[in-house]
Structure formats: structure tokens, C-alpha cells
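I have placed the structure first, in the form of C-alpha cells, so that the comments after it can refer back to it.
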Amino acid sequence: MSSDSHWSAHEDEGQLSRLIRKSRDSPFVPVGIAGFVAVVSYGLYKLKYRRNQKMSLHLLHMRVAAQGFVVGAMTLGVLYSMYKDYIRPRFFDVSKK
């Protein structure tokens, strides 16, 4: 075995610390997760008052709305990253001294 394969406590991070670290790297991930949870919660709440709408149609609408919110959050995250990496340095001359 090589000496590079030793286990350290720093490498073993929990789910919450991983989510916090990823949230700092890309801030739209928690927005997408929160939106997904909000849409699903609202859909489950409205499930009781769906009247004569079929269950499968209601679940399909709920899935499309949740996926739409997540795709929208991902698109905003990509646009923000492009702005941060390419547009802001070009127009606002962020030089590292």
C-alpha cells in the first residue's frame, strides 16, 4: 500500500457538512432543493382537494412543476457562474494584486 491511501477524519464528512460546502460553491443548489420540497409539499396539500381529477394526472402535474423549478434553479446557477467567470472580469477589471 502507498502512504497516500491513509484514512483521515477530514475526508469523512457528513451529509450536512457536504451540503454546506456545496452550497458555498454553487448557491442555487439549496434554492433548487427548497423549491422542489415546496412544490411537492403544496402538491400533497392540494391532493386532498383535487375534486374529480384523476390521481395520476395530479401526480404528473406535481412532478412537472417540481422538475421545472429545479431546472430553472439550475439554469440560473449556470447563468450566474458564467457571469461571475466571464462577464464580470471583462467589464469590471477584477485584478488580483
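The values are calculated or read from the model by the stated rules, or taken from the named source; none is laboratory data. The structure presented is a predicted model; accordingly, all values stated were derived computationally and were not measured. Note that we place each Cβ from the backbone using ideal geometry, even for glycine, and neighbour counts take in every protein chain shown. For the accessible areas, the whole protein counts, side chains as well, though only heavy atoms, and no ligand, DNA or RNA atoms are used. Shrake-Rupley method; radii C 1.70, N 1.55, O 1.52, S 1.80 Å.
At a 1.4 Å probe, what is the % contribution of carbon and sulfur to the accessible area of the stretch 20-97? Carbon plus sulfur share of accessible area: 66 percent. Taking the stretch 32-72 and a reference point 7 angstrom along Cα→Cβ of residue 19, the backbone N atoms nearer than 14 Å belong to 32-38.
Note on residue 92 and residue 40: the model spin-label points, each 7 Å out from Cα along the C-beta direction, lie 3.5 nm apart.
For the stretch 34-97, the residue among 52, 41, 83 whose Cα projects farthest onto the positive side of the dipole built from Cβ charges is 52.
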